[in-house]
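One structure below.
The values are calculated or read from the model by the stated rules, or taken from the named source; none is laboratory data. Predicted model only: the values in this text are computed from it and were never measured. Note: ideal-geometry Cβ built from the backbone for every residue, glycine included; neighbour counts use all protein chains shown. All accessible areas refer to the heavy atoms of the entire protein, side chains included, with ligands and DNA or RNA removed. Shrake-Rupley method; radii C 1.70, N 1.55, O 1.52, S 1.80 Å.
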Amino acid sequence: MNPAVPSPTALPAPESDGTARSLRQWLLTTTTGEQVSGHLPPWATEDPSEQEVPAEELAARLADVCHYREFPGQVLRAYSPGNSSDAPEELEVMSSSITCAPYAPAPELALPVVTVRVAGEYWMTDLDPTGVADLVAGLRAVADRLDSVVIPQLNTIRTEWTAHHTSGTGARL
């Protein structure tokens, strides 16, 4: 199974009688009894519900509500100048998450978006479906270039090198 694709159990499923699964809700309750609730998506990994929230902190708590789901990246072995040994180390690349901040300052910012952690501390943020599609197209172009251009040229260059290179100290004139 591709780790970047959620398993069928991670997606909303209809109930056995054909009706839609009941909608989940989160709930914040203040110390004064005020309650604020909202939709808790089936893909969200945490429930932001909280009791006994100080009334003066309600706005800040609402601003902090963020629904998310993480997807693993691909682990590759790579060299890093920061590594204390000369050995390659494991590096996760292209991990991603879907996030939604329903109380964002503007309605267009409250829509679910994708964040991709390219590697290390490099991130691509706030990708809409078109942005994700553009990223996928760019990654496919890189993979296609490696497959159809770099590998054939590497094979040709290695063949030429092996045919003309003398091992050891080199040719002496």
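Worth a mention:
- Residues LEU27, LEU62, LEU139, ordered by accessible area of protein heavy atoms at a 1.4 angstrom probe radius and largest first, appear as LEU139, LEU27, LEU62.
- Taking a point 7 Å out from the Cα of GLU121 in the direction of its Cβ, the residues of segment 66-105 whose backbone N falls within less than 16 Å of it are 81-83.
- Karplus-derived HN-Hα couplings along segment 104-115 (A = 6.51, B = -1.76, C = 1.60, θ = phi - 60°), whole Hz, x at Gly and Pro: 4, x, 9, x, 5, 7, 8, 7, x, 9, 10, 10
- Per residue value of the accessible surface for segment 67-168 (all protein chains in place, 1.4 Å probe), Å²: 75 Å²
- With a cut-off of 13 Å between beta carbons, the residues surrounding GLN74 carry a summed charge of 0, where Lys and Arg count +1 and Asp and Glu -1.
- Under the criterion of Cα pairs below 8 Å and six or more residues apart, the relative contact order for segment 67-168 equals 17 percent.
- Estimated vicinal HN-Hα couplings, Hz - segment 26-35 in sequence order (Karplus 6.51, -1.76, 1.60; Gly, Pro = x): 9, 8, 10, 10, 8, 5, 8, x, 5, 10
- Estimated Rh, segment 39-173: Kirkwood, alpha-carbon pairs, angstrom: 19.7 Å
- Area of ARG158 that stays accessible when all protein chains are in place (1.4 Å probe, Å², to 10): 150 Å²
- Accessible surface ranking that places the most exposed of THR162, THR125 first, with a 1.4 angstrom probe: THR162, THR125
- Full-stretch length increase - ASN83, LEU27 - with 0.36 nm per residue and alpha-carbon distance subtracted: 15.6 nm
- Under-5 Å amide H pairs with THR31, H placed in peptide plane, nonlocal only: VAL53, ALA55
- The portion of the accessible surface of segment 55-102 made up by carbon and sulfur, rounded to a whole percent, is 52 (1.4 Å probe; DNA, RNA and ligands excluded).
- Label-to-label distance for GLN51 and SER37 is 1.5 nm, based on points extended 7 Å past Cα in the beta-carbon direction.
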